[in-house]
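Student: The structure's right below; bear with me while I get my questions together.
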Amino acid sequence: MRKESRVFDRWELKYVVTIKQMYQLMGAVEPYVVMDENGNDGVYKIKSLYFDSYDFRYYHEKINGNKFRQKVRLRGYGDIKNDDDVFFEIKQRYNSTVQKRRVGLKLDDAYELIDDELMDKDKYSKKKLKVLEEIKYLSSMHSLQPKAIVSYDRKAYMGKYEDGLRITFDTNLKCRKTNMNLEQKSSEQYFIHPGYAVLEIKTNEKVPIWLISIIQRFSVEAERVSKYCLSVEKLYNL
């Protein structure tokens with residue numbers, strides 16, 4: 001069950017692996033993990049609407065290797081409908097440490113929040129309001145606008161013995177810049193070849209020794225992978 005308002009502070013590592021490596025890694029980590037309770041056998045679709053300034057401020061923060069950088073996105077799961085719950089998120093990174101603030105609300109309410117200059121504060125709890133006001137501030141300060149919809153299928157695991165350890169494999173990584181509504185279906189294009197997947201390791205503490213050993217065994221190396229940046233480069237020829 002996804003909570004509607006949360007704050008995450010985590011270490012995050014990313015790898016690009018072949019589909020063959022993905023299945024090998026899944027088999028290797030299996031004794032140490034349990035499958036995510038969401039989705040079908042731990043697999044679910046993620047679709048995110050990313051916002052950025054007219055000159056792609058957030059994109060350049062990542063590309064330039066800024067120690068501190070941000071993203072603002074609206075994220076939904078599965079086949080999204082107007083009355084479904086979605087999540088507004090502010091993702092901040094300082095070096096390898098990631099903080100994510102998220103708040104859940106109905107998709108129609110999320111669109112209303114984007115379109116309206118003034119926010120009906122009486123609709124939201126104090127906890128939600130704090131994040132939503134920050135999103136409105138960032139939107140106003142940087143004149144944020146929808147830039148890309150990014151979608152993929154995620155297979156997720158959680159550590160059996162390490163609290164906060166999460167291992168995910170993302171496939172079918174696609175993007176679009178038309179029909180910028182999460183509930184709409186439209187033609188998309190791959191921003192990573194379908195023969196590859198993105199492995200992400202998120203942990204509250206250090207990466208456990210058993211997982212380091214598995215990563216080394218299959219000779220995969222951490223990369224500076226940003227789904228948003230790769231999508232922007234594909235869609236806008238940056």
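Student: May I ask you to say which residue of Tyr124, Tyr77 is among the hydroxyl-bearing types (Ser, Thr, Tyr) and at pLDDT 90 or above?
Tutor: It is Tyr77.
Student: Which condition number in (1) within 22 Å of Asp41 (Cβ to Cβ); (2) crowded, with 21+ Cβ neighbours inside 10 Å; (3) of a type outside the set (Asp, Glu); (4) in contact with a strand residue (DSSP E or B) (Cβ under 6 Å, 6 or more places away or on another chain) is the one that Ser231 fails?
Tutor: Tallying (1) within 22 Å of Asp41 (Cβ to Cβ); (2) crowded, with 21+ Cβ neighbours inside 10 Å; (3) of a type outside the set (Asp, Glu); (4) in contact with a strand residue (DSSP E or B) (Cβ under 6 Å, 6 or more places away or on another chain), Ser231 fails exactly one: (1).
Student: Tell me which of these Tyr152 doesn't satisfy, since it passes every other one: (1) loosely packed, with under 15 Cβ neighbours inside 10 Å; (2) touching a helix residue (DSSP H, G or I) at 6+ places or on another chain (Cβ under 9 Å); (3) within 15 Å of Leu49 (Cα to Cα).
Tutor: With respect to (1) loosely packed, with under 15 Cβ neighbours inside 10 Å; (2) touching a helix residue (DSSP H, G or I) at 6+ places or on another chain (Cβ under 9 Å); (3) within 15 Å of Leu49 (Cα to Cα), Tyr152 is out only on (1).
Student: Pick out, from the range 138-238, the strands (runs of 3 or more DSSP E) lying fully within it that include 3 or more residues that are farther than 19 Å from Lys71 by Cα, more than 19 Å from the chain's Cα centre (by Cα) and not polar (S, T, N, Q).
Tutor: none
Student: Restricting to the range 41-91, and then to whatever is of a type in the set (A, V, I, L, M) and in contact with a strand residue (DSSP E or B) (Cβ under 9 Å, 6 or more places away or on another chain), can you tell me which residue is nearest to Leu132 (Cα to Cα)?
Tutor: As a first pass, look at the range 41-91 and keep what is of a type in the set (A, V, I, L, M): 43, 46, 49, 63, 72, 74, 80, 86, 90.
Okay, now just the ones that are also in contact with a strand residue (DSSP E or B) (Cβ under 9 Å, 6 or more places away or on another chain), so 43, 46, 49, 72, 74, 80, 86, 90.
Numbers: Val43: 29, Ile46: 21, Leu49: 16, Val72: 11, Leu74: 12, Ile80: 21, Val86: 13, Ile90: 10 Å.
Within the range 41-91, the match that is nearest to Leu132 (Cα to Cα) is Ile90.
Student: Still on this structure: Of all residues in the range 113-132, count the ones that are in contact with a Lys or Arg (Cβ under 8 Å, 6 or more places away or on another chain) and either closer than 28 Å to Lys177 by Cβ or not in a helix (DSSP H, G or I) (or both).
Tutor: Number satisfying all stated conditions: 3.
Student: Which one of Val16, Val43, Val33 is under 23 Å from Thr171 (Cβ atoms) and touching a Gly at 6+ places or on another chain (Cβ under 9 Å)?
Tutor: Just a single option satisfies the conditions, and that option is Val33.
Student: Taking into account only those residues within the range 114-132 that are without any contact (Cβ under 8 Å) to a residue 12 or more places away in the chain and within 22 Å of the chain's Cα centre (by Cα), which is nearest to Asp79 (Cα to Cα)?
Tutor: Leu129
Student: Given the conditions (1) under 26 Å from Arg224 (Cα atoms); (2) touching a Leu at 6+ places or on another chain (Cβ under 7 Å); (3) part of a helix (DSSP H, G or I), which single one is not true for Ala110?
Tutor: The one condition Ala110 does not meet is (1).
Student: Still on this model: Quick check, is Ile135 within 19 Å of the chain's Cα centre (by Cα), over 29 Å from Gly42 (Cβ atoms) and surrounded by 15 or more Cβ atoms within 10 Å (Cβ to Cβ)?
Tutor: The answer is yes for Ile135.
Student: May I pose another question? Under 8 Å by Cβ, and 6 or more places apart or on different chains, what pairs join a residue from the range 187-198 that is within 22 Å of Gln24 (Cβ to Cβ) with one that is part of a loop (DSSP other than H, G, I, E, B)?
Tutor: Val198/Ile192; Val198/Val225
Student: Regarding the range 153-160, can at least one residue be identified that is of a type in the set (Asp, Glu), in contact (Cβ under 8 Å) with a residue 24 or more places away in the chain and touching a Ser or Thr at 6+ places or on another chain (Cβ under 6 Å)? Reasoning before the result, please.
Tutor: From the range 153-160, those of a type in the set (Asp, Glu) are 153; that's our starting set.
The next check asks that each one be in contact (Cβ under 8 Å) with a residue 24 or more places away in the chain; those that pass are 153.
Right, trim to touching a Ser or Thr at 6+ places or on another chain (Cβ under 6 Å) and you get 153.
Yes; the residues of the range 153-160 include at least one that is of a type in the set (Asp, Glu), in contact (Cβ under 8 Å) with a residue 24 or more places away in the chain and touching a Ser or Thr at 6+ places or on another chain (Cβ under 6 Å).
The values are calculated or read from the model by the stated rules, or taken from the named source; none is laboratory data. Since the structure is predicted, the reported quantities are computational estimates derived from the model, not experimental observations. Neighbour counts run over all protein chains shown; Cβ positions are idealised from the backbone, glycine included.
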